1. Can you tell me the relative contact order of the range 137-211? Whole percent, Cα pairs under 8 Å, sequence separation 6 or more.
2. I'd like the orientation of helix 173-189 relative to the chain: the angle between its Cα long axis and the longest Cα principal axis, in ° from 0 to 90, rounded to 10.
3. Using the number of other C-beta atoms within 10 angstrom as an exposure proxy, rank 128, 50 with the fewest first.
4. Determine the equivalent ellipsoid of the range 1-160 by diagonalising the alpha-carbon gyration tensor, then write out the semi-axes as square roots of 5 times the eigenvalues, largest first, rounded to whole Å.
5. Using all alpha carbons of the chain, what is the percent of pairwise distances in each 10 Å bin, ordered from the shortest bin to the longest?
6. Connecting C-alpha atoms closer than 10 Å in a GNM of the chain, tell me which of 217, 80, 118 has the biggest fluctuation.
7. Can you give the convex hull volume of the alpha carbon atoms of the range 231-286 per residue, in Å³?
8. When you have a sec, figure out the Kirkwood radius of the range 45-131 from all distinct Cα pair distances and drop it here in Å to one decimal?
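Every read-out reported here was derived from the displayed coordinates using simple, explicitly stated rules and does not represent laboratory data. Only a predicted model underlies this, so the values are computations on that prediction, with no experimental measurement involved. Neighbour counts are summed over all protein chains in view; Cβ atoms, including those assigned to glycine, are modelled from backbone coordinates with ideal geometry.
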Ligand code: SF4
């Protein structure tokens, strides 16, 4: 009987979406950029932003030579713009510590600013063909159902998630790396959160959750994220104003975007605290200027 991994790999060979960061010749910097962008933004919105970003900054050194404010401006409306700052810090560290080349080991990647357990393994695996368990939300849900027989994944646990994925990984590194992407794709387009398409699934015959009669999720209700009226919405509106001009903006221009003074001030304070906005001595506000160079080593 074909192994779990073989079935997933065969399915992937036939059904994988053609995404730019999966094309042959994609280098490690491009993989890193795609992974950071994809963490909290849907694929359809990432594709154009990814292309534009790499056209402007094809290497970490190119981004490091520009200001963090330009990274935030270029991030546009991808959301969670702290990721742009972290990517800029990361590029600066790569330029300073690794002569501009994205490092290849998980430990070196983990030592970069803003690179966590998932991103480090994703880059080592997808860019450098190494054998590592790479577990995002989609993989966790797919594996939880197919192997553990539960309707939905428990909260993330790096140790448990890696141990479960490790059991499924092919031994050969390049195959393991491809399996990581393939499992992610099954989770993203077949074993979806709300309506898994079991009839199209490559592991439907052995899926533990189906075998158990597809029991309903009976854990605590998941919070529904709202956006309208939140500080996140106000932050986004303030950032739109700052991104829309090359010059610093007067406080009055920011005041105009949201009527509630208390909430607007709180959102602006948060942006300043996050390093996304610089308050200038003359009372105006700007996207962040260049920071001092990070120490090497
Ligand atoms: S058979 Fe259905 S529930 Fe099981 S892994 Fe496939 S899509 Fe998910």
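1. Numbers: 75 pairs, mean separation 36.5, N = 75.
Over the range 137-211, the number comes to 49 percent.
2. 80 degrees
3. On the way: 128 18, 50 22.
Going from sparsest to densest Cβ surroundings: 128, 50.
4. Numbers: eigenvalues 167, 56, 53 Å².
Rounded to whole Å, the semi-axes are 29, 17, 16.
5. For the chain, the pair-distance distribution reads 6, 25, 28, 24, 13, 4, 0, 0.
6. With Cα springs under 10 Å in the chain, the top fluctuation among 217, 80, 118 is at 217.
7. Numbers: hull volume 4.0 nm³, N = 56.
Output value, Cα hull per residue: 71 Å³.
8. On the way: mean 1/r = 0.0753 Å⁻¹.
One over the average 1/r among Cα pairs gives 13.3 Å for the range 45-131.
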